[in-house]
Amino acid sequence: MGSHAKVTEKSPPRQVVSIVQKSQLDRKRAMVHAYTLVVAAAAMMCTNATWANSPNPSVSLPPGGRSMTAPIASTPTAPPQLLQLGQQPASPEIAPSAAPPKPASTSGWSQVDIDSARARCTHLLRGLDIVSIPSPSMKDGPECGTPAPIELVSVGKNPQVTFSPTITVTCDMAAALSTWISRDLQPLARKHLGGNLVQIATMSSYSCRNAYGRTASRLSEHGRANAVDIRNFLTTNGHAATVLADWGPTGRDIRAQVAIARAAAQKAEAARAAALAIQQKNLQKTNPPATPSSVAAVPSGLNDLTTGSTIAGTPREIIIGAQPGTGLGLRLPGTGEPTGMGLSNGVQGPQRLGGPKQVSTSHQPPSAQPANPAAATLNRTQFLRSAHETGCKIFGTTLGPEANEAHRNHFHVDMAERKTNNFCE
């Protein structure tokens with residue numbers, strides 16, 4: 001009896017045991033439910049990531065419906081599994097996504113075009129004495145612009161030839177200008193201008209426009225940063241060869257001058273012929289042809305002085321009143337014009353017109369002779385024409401004053417691609 005009572009005191013009642021077990025079971029179920037929710041949330045996140053990285057083609061609905069998107073082929077997600085008590089949920093496996101593509105350039109050129117053009121610049125300008133500043137790629141409309149332009153400051157070294165103002169060009173144009181200046185222009189400047197070039201004055205480089213600024217013509221190479229307009233060339237000694245002032249007359253000018261001179265000569269000849277005809281007609285009216293009766297009627301004595309008659313026994317070369325309307329005058333045989341006093345002795349009379357006296361320069365020393373002002377102009381002309389000629393061998397297009405009136409004041413050089421020979425005018 002005693003032992004049974006002792007055991008009964010230590011053992012809890014059956015009702016209490018069942019309540020405790022139920023509480024523990026509810027706790028386990030709550031933990032499993034919580035783990036299930038965590039796994040479901042992780043799976044949902046993986047599903048959203050897969051959805052976001054997959055293409056979403058638009059699904060067309062019947063009229064009146066809405067447009068919605070859906071993934072093309074998404075990997076099905078396994079349903080969440082119940083975990084045992086104390087088991088940790090497995091980390092979801094996320095497939096590695098592909099590397100993101102390079103962002104597109106905001107200039108309108110693809111990154112591939114920009115990288116390719118910059119690599120070409122590095123190749124073209126390697127080893128050249130060029131000072132330039134890389135410029136952002138530019139795109140104006142469907143045709144204008146270039147993926148890798150540069151701002152060209154100068155070319156060459158000792159001396160350095162600067163561009164004023166600086167020009168925006170392609171690297172192909174910069175390399176061609178460097179070759180032209182160092183190989184051709186510098187020797188020509190030393191020969192004709194007496195010094196090296198130090199500056200080239202420019203008028204235009206990049207400009208999105210058509211040729212000659214016309215609306216109906218093709219795109220100018222200026223629109224591709226592939227052309228430069230040059231106004232003049234300056235040397236170390238201060239001599240400047242300016243295209244407008246020093247090119248000289250063009251072929252158009254010479255042909256126009258010949259046509260004007262020919263027209264003036266024809267007009268003058270016609271006027272002379274008309275005047276000669278009128279003069280002959282007037283002479284016939286006032287001086288009829290002499291007859292034998294009129295000659296015999298001349299008296300042998302002295303007649304009226306104003307009529308120009310002769311004196312008996314005096315040669316006819318002695319004429320009193322030889323200058324009609326000027327009074328008396330005397331012309332002796334074989335002498336010159338009458339003098340101011342009416343007597344001609346073959347010596348020119350003194351001038352009474354005033355002004356500086358004429359000084360003979362026949363005995364001046366050679367140093368006092370005036371210099372030829374056309375010599376310097378001729379040198380500048382020869383430099384410009386030789387520079388134009390050498391440019392025709394480098395550039396796709398070389399235009400100057402001979403091309404047309406639009407290029408009378410500058411050289412235009414560009415790198416246009418030609419199927420045959422370069423275009424040179």
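The values are calculated or read from the model by the stated rules, or taken from the named source; none is laboratory data. Please read these numbers as outputs of a predicted model, since none were measured by experiment. No Cβ is skipped: glycine too gets one built from the backbone with ideal geometry, and neighbour counts run over all protein chains shown.
Some points to look at:
- Condition met for Ala175 (of a type outside the set (Phe, Trp, Tyr), within 22 Å of Pro401 (Cβ to Cβ) and under 20 Å from the mean Cα position of the chain (by Cα)): no
Residues are listed down the side, and each one gets a yes or a no for (1) in contact with a Phe, Trp or Tyr (Cβ under 9 Å, 6 or more places away or on another chain); (2) not charged (D, E, K, R):
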| position | (1), (2) |
| --- | --- |
| Asp229 | yes, no |
| Asp253 | no, no |
| Ala256 | no, yes |
| Ala261 | no, yes |
| Ala264 | no, yes |
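- Any chance Arg183 is at pLDDT 95 or above and of a type in the set (Lys, Arg): yes
- Checking each residue of region 243-254 against the condition of being within 30 Å of Thr146 (Cα to Cα), without any contact (Cβ under 8 Å) to a residue 40 or more places away in the chain, in the same structural domain as Ser386 (by TED's automatic domain parsing) and assigned to a helix (DSSP H, G or I) gives no match.
- Scanning region 192-207 for residues that are under 11 Å from the mean Cα position of the chain (by Cα) and not aliphatic (A, V, I, L, M), we see that the one that is farthest from Ala240 (Cα to Cα) is Ser207.
- Flag if Ala268 is of a type in the set (Gly, Ala, Ser) and either in a helix (DSSP H, G or I) or modelled with pLDDT under 60 (or both): yes
- Within region 407-423, residues that are over 19 Å from Thr179 (Cα atoms) sit with their Cβ atoms under 6 Å from residues that are basic (Lys, Arg), at 6+ positions apart or across chains, in these pairs: His410/Arg231.
- Neighbours by Cβ (under 9 Å, 6+ apart or cross-chain): first from region 207-236, without any contact (Cβ under 8 Å) to a residue 60 or more places away in the chain and of a type outside the set (S, T, N, Q); second surrounded by fewer than 21 Cβ atoms within 10 Å (Cβ to Cβ) and in a helix (DSSP H, G or I): Gly213/Ala406; Arg218/Ala211
- Sub-7 Å Cβ pairs linking a first residue in region 151-171 that is on the phi < 0 side of the Ramachandran plot to a second residue that is in a loop (DSSP other than H, G, I, E, B) and acidic (Asp, Glu), at least 6 apart or interchain, are Val155/Asp129; Lys157/Asp129, ordered by first then second residue.
- Residue list for region 141-178, restricted to those being part of a loop (DSSP other than H, G, I, E, B) and of a type in the set (Gly, Ala, Ser): Gly141, Ala148, Gly156
- Hits in region 110-140 (condition: of a type outside the set (A, V, I, L, M) and assigned to a helix (DSSP H, G or I)): Gln111, Asp113, Asp115, Ser116, Arg118, Arg120, Cys121, Thr122, His123
- Here Ala216 passes the criteria (1) modelled with pLDDT under 95; (2) in the same structural domain as Val413 (by TED's automatic domain parsing); (3) of a type in the set (Gly, Ala, Ser); (4) in a helix (DSSP H, G or I) except the one numbered (4).
- Filtered by the rule that a residue be of a type outside the set (Val, Ile, Thr) and within 14 Å of Ala227 (Cβ to Cβ), region 376-399 gives Gly391, Phe395, Gly396, Leu399.
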